[in-house]
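Novice: Take this structure first; my questions come after.
The values are calculated or read from the model by the stated rules, or taken from the named source; none is laboratory data. No experiment lies behind these values; they were computed from the predicted model shown. Every residue, glycine as well, gets a Cβ built from its backbone with ideal geometry; the counts of neighbours run over all protein chains shown.
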Amino acid sequence: MKIYVPGDSAAISVGADDVAAAIAHKVSGATIIRNGSRGALWLEPMVEVETEKGRVAYGPVSVEDIDSLIAADFMHGGAHALALGESEKIEWLASQDRVTFKRVGIIDPLSLTDYEAHGGLVGLRRAISLSSEAIIDEVKESGVRGRGGAGFPAGIKWKTVADAVSDQKYICCNADEGDSGTFADRMLIEGDPFTLIEGMTIAAIAVGATEGIVYLRSEYPYAIKTLQKAIDIAHAFGWLGSSVLGSKHAFELKIRVGAGSYVCGEETAMLESIEGKRGVVRAKPPLPALEGLFGQPTVINNVLTLSTIPAVLADGAPAYKARGVARSLGTQVFQLAGNIKRGGIVEKPFGISIEEIVNGYGGGTLSGAPLRAVQVGGPLGAYFGRDKFETSLDYESMLAAGGMLGHGGIVVFDESVDLAQQARFAMAFCALESCGKCTPCRIGSTRGVETIDLIIQGVKVDENKKLLLDLCEVMTDGSLCAMGGLTPMPVKSAMINFPEDFTGEVSRR
Amino acid sequence: MKYSTWSQEAALAVLATLREEKGAVLVALQALQKEFGYVHKEDVTLVANFFNKSRADVHGVLTFYHDLLTEAPADNQISICVAEACQAVGSRQLEKDVKAKFGKEVHDGYCFGNCALGPSAMVNGAIIGRASVEKIAQVRI
């Protein structure tokens with residue numbers, strides 16, 4: 001009898017390890033599989049049992065529930081207050097369109113047999129049979145854009161690296177998912193690590209690279225463990241190494257663990273960090289595609305970008321680009337976070353509205369108090385009020401609305417939020433994490449904190465607001481990278497969309 | 001003790017495992033910290049000599065990254081996530097309360113990727129969701 005208890009760190013954070021141990025102790029003959037999470041995080045720990053009608057779910061399960069679950073014969077799908085029915089029919093999950101996340105939560109993350117049984121390695125095998133140009137054309141044709149936030153077309157980046165002449169090229173996966181409100185990279189690595197490895201291997205074959213590095217943040221110890229195990233398994237299987245699945249291609253993959261620096265999620269700072277230096281941003285050009293890691297041509301893609309590639313190769317570009325809107329093709333893995341009733345992963349084609357995600361899937365605030373603001377796209381994304389909820393979540397519409405889609409994270413706040421404090425935090429965070437290379441970011445962020453403090457205290461409010469907007473303009477136009485360049489986005493959007501919070505303490509609500 | 005006692009020989013033994021690694025200064029400092037709990041003053045010169053870098057280079061790396069410590073850590077390492085998603089569910093207050101109770105053991109964290117089940121904390125490497133002072137106290141050793 002198979003019982004699934006997620007080993008995803010979000011599930012573990014609310015007791016999944018204890019639940020797994022209790023089931024192992026009390027249910028004899030049970031094979032416990034530590035799958036990833038299906039992404040309905042408010043139901044974690046979500047325990048699933050394999051029955052005649054398929055997998056049946058219960059959640060959120062705590063250790064105290066185990067006895068009553070056993071009494072209800074949950075091993076055979078018995079009725080219980082925590083019963084959620086057949087996993088595949090849970091509306092919140094069934095209504096999604098899972099492409100990148102299609103196996104997450106379903107398979108045993110470290111079983112290659114499971115992986116292949118669910119369509120794994122089909123994309124890589126096809127890539128091996130194709131020429132470099134054909135792989136890149138397929139990726140270009142699919143319209144896949146960089147999921148890290150910048151949205152640059154992956155195929156064009158790959159083409160640049162493929163055309164560069166060099167003895168050594170690299171594939172670097174940016175898994176430095178430092179944005180608050182984003183956790184899709186982590187969940188994918190913990191729940192389906194082979195997909196990332198497959199995507200990186202395809203990229204390597206396409207551009208002629210033989211070495212890959214995953215830059216994974218130290219704040220994700222569970223993901224580091226899982227990915228290292230997956231790499232070792234892939235090695236033993238003859239997937240990684242001197243001959244990828246028996247082909248003429250060689251590909252070695254290793255993990256470099258970050259050291260707690262947010263700015264190292266910026267691609268050039270990441271390269272510096274992998275080279276063992278301070279994570280100081282490089283000026284561009286030269287592009288990393290031409291002079292990247294150790295000065296060699298380098299593909300840098302986010303976890304989700306690379307993990308989407310196997311599906312593109314397996315099912316073909318037309319199937320992928322049939323989803324989405326305008327120039328935002330395919331699906332986006334949205335992450336619903338903060339003060340939210342039903343948080344987690346929602347993978348849908350681009351073009352779904354904020355309203356559908358936040359109130360539809362999310363069900364409003366966790367506290368029950370009225371929702372006041374959302375921040376879309378991480379700490380450098382804009383704060384929106386409810387009047388912007390009809391905005392379509394795609395790259396272009398978000399830009400037009402004065403925000404950005406970023407890595408697809410949406411953080412929800414209830415009415416207790418003070419947007420002046422949030423704006424202050426954005427500047428303070430930038431001051432803490434700035435690499436220090438350029439003046440607008442290094443000095444501007446500190447001046448930003450001081451100026452917002454004056455506004456909060458009610459000192460010359462109008463004058464200081466003008467000054468703050470001017471500072472924002474300097475940071476936006478004058479910073480070397482997105483850290484300083486986008487910190488003004490949460491600040492300005494808070495001021496524009498929530499002016500009532502920037503009137504000085506005396507007159508505040 | 002979960003950490004080894006520092007000696008020059010022991011530190012050099014850690015570095016010897018990284019001889020073939022390209023661009024290994026940061027990896028070396030991380031490895032030394034893992035072995036000895038923090039990066040000792042003498043390590044800067046050892047790492048610089050071993051990888052043929054200047055001491056300034058190594059000092060620069062050591063002081064850039066939040067993870068790298070230059071003093072022995074407390075027995076318990078408590079990180080409270082103070083980033084936006086956790087702020088939305090009360091992490092600012094939790095941070096104050098936990099700091100009041102456990103003082104120097106507590107550090108600010110910036111996102112453990114558990115943003116739908118906040119406030120989040122990391123205690124000695126174990127992640128805690130819907131964190132409270134009581135939950136954190138239970139996991140402390």
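Novice: Hey, A:Ala175 hits all of (1) closer than 20 Å to A:Lys225 by Cβ; (2) touching a Ser or Thr at 6+ places or on another chain (Cβ under 6 Å) but one; which does it fall short on?
Specialist: (2)
Novice: Checking the structure you have, find out if any residue of region A:381-399 is in the same structural domain as A:Asp477 (by TED's automatic domain parsing), hydroxyl-bearing (Ser, Thr, Tyr) and outside any loop (DSSP other than H, G, I, E, B).
Specialist: no
Novice: Select from region A:339-355 the residues that are β-branched (Val, Ile, Thr) and more than 20 Å from A:Gly59 (Cα to Cα) and write down the one among them that is nearest to the other protein chains (Cβ to nearest Cβ).
Specialist: Looking at the filtered set, the residue picked out is A:Ile354.
Novice: Which members of region A:302-332 meet the condition of being out of contact with any Phe, Trp or Tyr (no Cβ under 6 Å at 6 or more places or on another chain), under 15 Å from A:Gly408 (Cβ atoms) and not hydrophobic (A, V, I, L, M, F, W, C)?
Specialist: Result: A:Asn302, A:Thr305, A:Ser307, A:Thr308, A:Arg323, A:Thr331.
Novice: Exactly one condition in (1) within 12 Å of chain B (Cβ to nearest Cβ); (2) part of a helix (DSSP H, G or I) is not met by A:Val358; state its number.
Specialist: (1)
Novice: Starting from region B:10-35, keep only residues that are within 12 Å of another protein chain (Cβ to nearest Cβ), then list their pairs with residues that are surrounded by 21 or more Cβ atoms within 10 Å (Cβ to Cβ) and of a type in the set (Lys, Arg) whose Cβ atoms are within a distance under 8 Å, requiring at least 6 positions of separation or different chains.
Specialist: Listed pairs, sorted by first residue: B:Val27/A:Arg256.
Novice: For region A:152-177, which residues satisfy the criterion of being within 14 Å of chain B (Cβ to nearest Cβ) and more than 19 Å from A:Glu266 (Cα to Cα)?
Specialist: Residue satisfying the conditions is A:Gln168 alone.
Novice: When you scan region A:126-143, do you find a residue that is under 27 Å from A:Val358 (Cβ atoms) and more than 27 Å from the chain's Cα centre (by Cα), even just one?
Specialist: No, there is no match, as no residue in region A:126-143 is under 27 Å from A:Val358 (Cβ atoms) and more than 27 Å from the chain's Cα centre (by Cα).
Novice: Across region A:307-340, which residue is nearest to A:Trp92 (Cα to Cα) among those that are surrounded by fewer than 17 Cβ atoms within 10 Å (Cβ to Cβ) and of a type in the set (Lys, Arg)?
Specialist: A:Lys321
Novice: Related question: Would you check which residues across region B:125-141 are over 16 Å from A:Glu44 (Cβ atoms), of a type in the set (A, V, I, L, M) and touching a residue at least 40 places away in the same chain (Cβ under 8 Å) and list them?
Specialist: B:Ile136, B:Ile141
Novice: Does A:Leu336 fit the bill of being touching an Asp or Glu at 6+ places or on another chain (Cβ under 9 Å) and either within 13 Å of chain B (Cβ to nearest Cβ) or not hydrophobic (A, V, I, L, M, F, W, C) (or both)?
Specialist: no
Novice: Now a separate question. Among A:Asp73, A:Asp67, A:Asp18, which is the only one that is within 12 Å of chain B (Cβ to nearest Cβ), surrounded by fewer than 23 Cβ atoms within 10 Å (Cβ to Cβ) and over 19 Å from A:Asp114 (Cα atoms)?
Specialist: When all the criteria are applied, what remains is A:Asp18.
Novice: Please count how many residues of region A:294-328 are closer than 15 Å to A:Met200 by Cα and either among the basic types (Lys, Arg) or touching a His at 6+ places or on another chain (Cβ under 9 Å) (or both).
Specialist: Count: 2.
Novice: Also, quick follow-up: Which of the residues belonging to region A:473-500 are crowded, with 22+ Cβ neighbours inside 10 Å and within 17 Å of A:Val449 (Cβ to Cβ)?
Specialist: Hits for region A:473-500 are A:Met475, A:Ser479, A:Met483, A:Gly484, A:Leu486, A:Thr487, A:Pro488, A:Met489, A:Pro490, A:Val491, A:Ala494, A:Met495.
Novice: What number of residues within region B:130-141 are surrounded by 17 or more Cβ atoms within 10 Å (Cβ to Cβ) and of a type in the set (Asp, Glu)?
Specialist: Of the residues in region B:130-141, 0 are surrounded by 17 or more Cβ atoms within 10 Å (Cβ to Cβ) and of a type in the set (Asp, Glu).
Novice: Is at least one residue of region A:55-75 touching a Lys or Arg at 6+ places or on another chain (Cβ under 8 Å) and either closer than 30 Å to A:Ala209 by Cβ or in a strand (DSSP E or B) (or both)?
Specialist: Within region A:55-75 (the criterion being touching a Lys or Arg at 6+ places or on another chain (Cβ under 8 Å) and either closer than 30 Å to A:Ala209 by Cβ or in a strand (DSSP E or B) (or both)), the answer is no, since none of the residues qualifies.
Novice: Sticking with this structure for a sec: Considering only residues that are out of contact with any helix residue (DSSP H, G or I) (no Cβ under 8 Å at 6 or more places or on another chain) and either part of a helix (DSSP H, G or I) or within 24 Å of A:Leu393 (Cβ to Cβ) (or both), which ones fall in region A:287-314?
Specialist: Within region A:287-314, A:Phe294, A:Gly295 qualify.
Novice: Within region A:452-509, how many residues are within 30 Å of A:Glu266 (Cα to Cα) and of a type in the set (Asp, Glu)?
Specialist: Residues meeting the conditions: 4.
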